[in-house]
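Laboratory data are not the source of any read-out in this text; all were calculated from the coordinates shown. These figures come from a predicted structure and were not determined experimentally. Positions of Cβ are backbone-derived with ideal geometry, glycine not excepted, and every protein chain shown enters the neighbour counts.
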Amino acid sequence: WSGRSSSPDLRLGEHEAAVKAVAWSPSTRGLLATGGGTADKSVRLWNTSVGAQVAVSPTGSQVCNLAWSPACDGELISTHGYSGNEVVLWRHQPGGLSRLHTSKWHQARVLYMAVSPDGQTVVTGTGNETLCFWNLLAACKPRATSLGTLSTSISTTSALNCTIR
């Protein structure tokens with residue numbers, strides 16, 4: 001949408017159901033990740049410069065959130081609801097998306113997610129009063145950055161569980 005017209009500049013329509021999550025790549029101009037709901041169950045990557053889908057990966061469950069790592073080129077995190085209730089780390093490379101790690105620690109839909117400013121820690125939240133902190137991005141090859149790093153490390157196979165009320 002340009003502001004001068006009431007119609008969009010670009011329309012992408014490959015999802016088979018509601019689009020539940022969107023995230024721009026911080027390192028690749030025009031690269032957009034989108035995630036579909038319960039009837040779609042996929043993560044798709046788009047080159048918005050030309051309006052083309054460049055990758056699609058089935059997830060097996062609805063996508064609730066998407067976030068690119070601010071520190072690691074091509075690292076994408078997705079959270080999922082029914083029926084997986086999981087957190088997935090993806091890598092975008094020429095030719096598509098590959099699943100690097102899946103964490104199925106949550107017992108409910110992973111509705112909320114935020115990535116720390118240094119790009120190393122991900123916090124996820126569910127409707128059952130639980131926040132989990134993940135060090136999913138620690139193994140990636142970081143871009144040059146002036147941000148500091150956390151002094152503690154959390155295993156990629158476990159989570160620090162905090163209950164909020």
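General observations
- Residue-wise HN-Hα coupling along the stretch 128-133, computed from phi with Karplus coefficients 6.51, -1.76, 1.60 (Hz; x: Gly, Pro): 9, 6, 10, 10, 10, 10
- Extension gain for the segment E16 to Q107, taken as residue separation times 0.36 nm less the Cα-Cα distance, is 30.1 nm to one decimal.
- Peptides 48-54, 25-31 ranked from most to least packed give 25-31, 48-54, packing being the mean of other C-beta atoms within 10 angstrom over each peptide's residues.
- Using the Cβ-Cβ distance between A52 and V123 with R0 set to 45 Å, the FRET efficiency from 1/(1 + (r/R0)^6) comes to roughly 0.85.
- Student exercise, the stretch 55-128 dipole from Lys, Arg, Asp, Glu Cβ charges, in Debye to nearest 20: 220 debye
- Global geometry of the stretch 37-130, whether rounded, prolate or oblate, following the gyration tensor of its Cα atoms and the 1.5 cut on a/c: oblate
- Under conditions of 4 °C and 1.567 mPa s, the stretch 10-80 yields 108 µm² s⁻¹ as its translational diffusion coefficient, taking Rh as the Kirkwood radius over Cα pairs in the Stokes-Einstein equation.
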